[in-house]
Amino acid sequence: MQSTPKSMRLHIGLFGRRNAGKSSLLNAITRQQVSIVSDFAGTTTDPVEKPMELLPLGPVLFIDTAGIDDMGALGELRIKKTRQVFDRTDLGVLVAEAGTWGAFEEEILRALSERNAPAIVVFNKTDVARPPDAVIEMLNTQKVRWVQTVASEGRGIQEFRQALLDAAPEDFVNNPAILGDLVGPGEMAVLVVPIDKEAPKGRLILPQVQSIRDLLDSDAFCMVVKERELRCALDRLKTPPKLVVTDSQAFLKVAADVPDDIPLTSFSILFARFRGDLTTQVIGTMAIDRLRAGDRILIAESCSHHPISDDIGRVKIPRWLTQYVGGKLHFDHVQGHDFPENLQEYKLVIHCGACMTNRRAMLSRILHCKQAGVPVSNYGLTIAYSLGIFERALQPFPAALEAYHAEKTRLAGRPGGMPPESNSGASDYVCIRS
Ligand code: SF4
């Protein structure tokens, strides 16, 4: 699997005294044993780098200032290598023992502030001490985010994740690629856009327009066709397209018309990656097989558009899922900025493509679902799963596909195994606008 280049990763500088619990914090957030701090005091002043996939942010690079500690710290902080860490830090994390605060910590915050790098203060080991009130007041005044953790027990880690997400620079969170990274300069994408009574008059919808613009920005070619003309359009091409993207409502017909060796996905799935966290939502989608009659499902849309008569969120998805499960399900709907706090009451959250919101807002919703232990899917992913073309629709996204296979294997190994993927209800399924 292709690894994200270092330059594309969010650089998270990790600072703190040696016994503050930096390694425990990393172990807790990655759920791996990551030992980045030298066992021997003063063995190196070289920063230690650790690239990771950190959900929900994506590819990050932790840089630990190993060997820099409170012994002569202020002097050490001025050495060249440490200054370089500050210089390439996009986001600084200062780990402090809850009862310990002094010039060392102040100096780190000042160095980050000078470089306009956002900072998060993690007060660790709060089971044995409280952070000083005066320090909390100072941080609040300076609008520095802070969280309390007991990293060795995993406490406060979700709050730390949220703080990372909240503090991450805007241009990192709002990753600009919709499909420009999938279709290179000089390559062709075919976009399938049904024009039926549900299509708005005289215009294309936002995910379609944004996808076309993204392709143009990438110096790629773009052909836009209705589903009826797709077969004919493909036949006329001398070279097969690099990718076909369809409105999810036409998934079945388009899958039948596009040869298997041409990658295919939907606008909605592209937006699960662009606005959300594709891997998490892929795993969340697999919860469809665990739904039972009587379960509650939340359908969430990021804008407050007026529902049409055969609305996808209100009519089609509920009808299809009810048929799939073979019993009555309870659906709740939210629109716009509303997102409920009682998420733990739901067995699944199905979210729209979130084209009208920013990624930070969508990632926060995904985090809230995770905190509540509720799987979260997306309209396009739900549709592809139901139609039995989930793997094909994920083909352009190797990391997500790999995560799907790993989860399938994991579930198959559990007592009782995993119910087979089903496409029941597929013939009745007519779907969405993105
Ligand atoms: S994808 Fe979501 S935010 Fe975009 S138009 Fe549809 S309901 Fe609104």
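Tabulated values for the structure
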item	result
Scattering profile of the chain at q = 0.06, 0.07, 0.08 Å⁻¹ [log10 I(q)/I(0), Debye over alpha-carbon scatterers]	-0.30, -0.40, -0.52
Sequence-distant residues sharing a close amide H with Phe62 (under 5 Å, placed H)	Ile12, Lys50, Met52
Amide proton proximity set for Asn124, modelled H, under 5 Å, gap of 5+	Ala96, Glu97, Ala98, Thr149
Normalised contact order of region 188-268, rounded percent, pairs of Cα under 8 Å and 6 or more residues apart	39
Approximate shape of region 166-316 as ellipsoid semi-axes (Cα gyration tensor, √5λ), whole Å, largest first	27, 21, 17
Label-point gap, in nm, between Ala412 and Ile308 - each point 7 angstrom along Cα→Cβ	4.0
Phi-based couplings in Hz for region 405-412 (Karplus 6.51, -1.76, 1.60; Gly and Pro marked x)	5, 5, 5, 4, 4, 4, 5, 5
Of Ile297, Ile262, Ile317, the one that fluctuates the most in a GNM where the chain has Cα springs shorter than 10 Å	Ile262
Accessible area of region 188-268 divided out per residue, in Å², using a probe of 1.4 angstrom	50
Point-charge dipole on Cβ atoms (K/R +1, D/E -1) for region 188-268, about Cα centre, debye to 20	300
Segments 137-149, 204-216 sorted - mean Cβ within 10 Å per residue, highest first	204-216, 137-149
Cα-derived Rg over Rh, computed across region 278-428 with Rh taken as Kirkwood radius	0.94
Net length gained if the chain between Arg110 and Arg88 were fully extended (0.36 nm per residue, minus Cα distance)	6.4 nm
Eligible lysines near Lys328 by straight Cα distance, threshold 19 Å, same-chain separation 8 or greater	Lys316, Lys347
Cα-centre dipole for the chain with unit charges at Cβ (Lys and Arg positive, Asp and Glu negative), debye to 20	520
Reach of Lys238 by Cα under 30 Å, taken over lysines that are not fewer than 8 positions away in the same chain	Lys226, Lys253
Helix 206-217 vs. the chain, principal-axis angle (Cα, 0 to 90°, nearest 10)	70
Surface per residue (accessible, 1.4 Å probe) for region 365-413, Å²	34
Degrees separating the helix 157-167 axis from the principal Cα axis of the chain, which is the longest one	80
Carbon + sulfur, % of accessible area of the chain - ligands and nucleic acids excluded, 1.4 Å	51
Asp219/Glu153 FRET efficiency (R0 41 Å; Cβ-Cβ; nearest 0.05)	0.20
Reachable aspartates and glutamates, given that their alpha-carbon falls under 15 Å from the alpha-carbon of Lys22 and they are not under 8 places away in the same chain	Asp39, Glu49, Asp64, Asp69, Asp70, Glu97, Glu105, Glu153
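The values are calculated or read from the model by the stated rules, or taken from the named source; none is laboratory data. Computed from a predicted structure; not experimentally measured. All Cβ positions, even for glycine, are placed from backbone atoms using ideal geometry, and neighbour counts span all protein chains on display. The accessibility values were calculated without ligands, DNA or RNA, using every heavy atom of the protein model including side chains. Shrake-Rupley method; radii C 1.70, N 1.55, O 1.52, S 1.80 Å.
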